[in-house]
Amino acid sequence: MRIVCLDLEGVLVPEIWIAFAEATGVSALRRTTRDEPDYDALMRFRITILKEQGFKLADITRVISTLEPLEGAVRFTQTLREKTELIILSDTYEEFAQPLMAKLAYPTLFCNRLIIGPDGSITDYRLRQQDGKKRAVQALQSLNLAVFAAGDSFNDIAMIREAQAGCLFRAPPSLRESCRDIPCVDTYDALMAQIDAFLSHAP
């Protein structure tokens, strides 16, 4: 049996933090896992800025509610789910993702949770587990599932390398350069071609 694991932001939906940075004019919040491989350092940085600026969870979710899946993403996921199973492995948060999941017809999502203060501010975050994407792939493989994985950021590399097959999708130049052993595609048609090749050869 086969299963596909995809990252969410930058692959199927816009980068939430970039959208929020653009909506608020706080350019420092444009930094994502495409730029910073240390996820904890990135989140501590974000939480500090949110506190300094007085932003609450409601401010972020208000922006998220205006976002739409990337052009072609809905059709891509519909076609993919007709061929095989799909799980979204993301470092986003339940509190951010639900409005976007509705627009993607609710694929299965494994992600993290935020810790919210009494005033609605984001005070911390809780990972589902350390190295959650890689360990999810390992768990699926332990069920005798062959896994294809794709993502666009440094935090996707471990799951791609752990999977039986995979690729980068619209990755930045710095990531392409540092991971030349991993194929990189830039369109949904090319991504589907990679998945179709996997499906035709996987047990």
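The values are calculated or read from the model by the stated rules, or taken from the named source; none is laboratory data. Bear in mind that the values here come from a model prediction, so they are computed numbers and not experimental data. Don't worry about glycine lacking a Cβ; one is built from the backbone with ideal geometry, like all the others, and counts go over all protein chains shown.
So Leu29 passes all but one of these: (1) crowded, with 20+ Cβ neighbours inside 10 Å; (2) outside the structural domain of Leu175 (by TED's automatic domain parsing); (3) at pLDDT 95 or above. Which condition number does it fail? Of everything listed in (1) crowded, with 20+ Cβ neighbours inside 10 Å; (2) outside the structural domain of Leu175 (by TED's automatic domain parsing); (3) at pLDDT 95 or above, Leu29 misses just condition (3). Would you call Gln129 out of contact with any Lys or Arg (no Cβ under 8 Å at 6 or more places or on another chain) and modelled with pLDDT under 95? Spelling it out, it is not the case that Gln129 is out of contact with any Lys or Arg (no Cβ under 8 Å at 6 or more places or on another chain) and modelled with pLDDT under 95. Only residues that are in a helix (DSSP H, G or I) and either of a type outside the set (Asp, Glu) or within 14 Å of the chain's Cα centre (by Cα) (or both) were counted in the stretch 150-167, giving 8.
A quick yes/no check of all residues on (1) of a type in the set (Lys, Arg); (2) surrounded by fewer than 19 Cβ atoms within 10 Å (Cβ to Cβ):
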residue	(1), (2)
Ile3	no, no
Gly10	no, no
Ala23	no, yes
Arg34	yes, no
Lys56	yes, yes
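Quick one: is Val147 among the β-branched types (Val, Ile, Thr), part of a helix (DSSP H, G or I) and within 20 Å of Leu191 (Cα to Cα)? No; evaluated as a whole, the condition is false for this residue. Kindly establish whether Arg44 is at pLDDT below 95 and closer than 17 Å to Asn112 by Cα. Against the criterion (at pLDDT below 95 and closer than 17 Å to Asn112 by Cα), Arg44 qualifies. Residues in the stretch 111-133 that are assigned to a strand (DSSP E or B) and of a type in the set (D, E, K, R) were compared, and the one that is nearest to Leu6 (Cα to Cα) is Arg113.
Condition check ((1) among the small types (Gly, Ala, Ser); (2) over 19 Å from Arg46 (Cβ atoms)) across all residues:
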residue	(1), (2)
Ala102	yes, yes
Thr108	no, yes
Leu140	no, yes
Ala146	yes, yes
Phe154	no, no
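Filtering the stretch 51-59 for residues that are among the polar types (S, T, N, Q), in a loop (DSSP other than H, G, I, E, B), farther than 26 Å from Val137 by Cα and not assigned by TED's automatic domain parsing to the domain that holds Leu8 leaves an empty set.
In the set Ala105, Ala97, Ala136, Ala171, only one residue is surrounded by 20 or more Cβ atoms within 10 Å (Cβ to Cβ) and outside any helix (DSSP H, G or I); that residue is Ala171.
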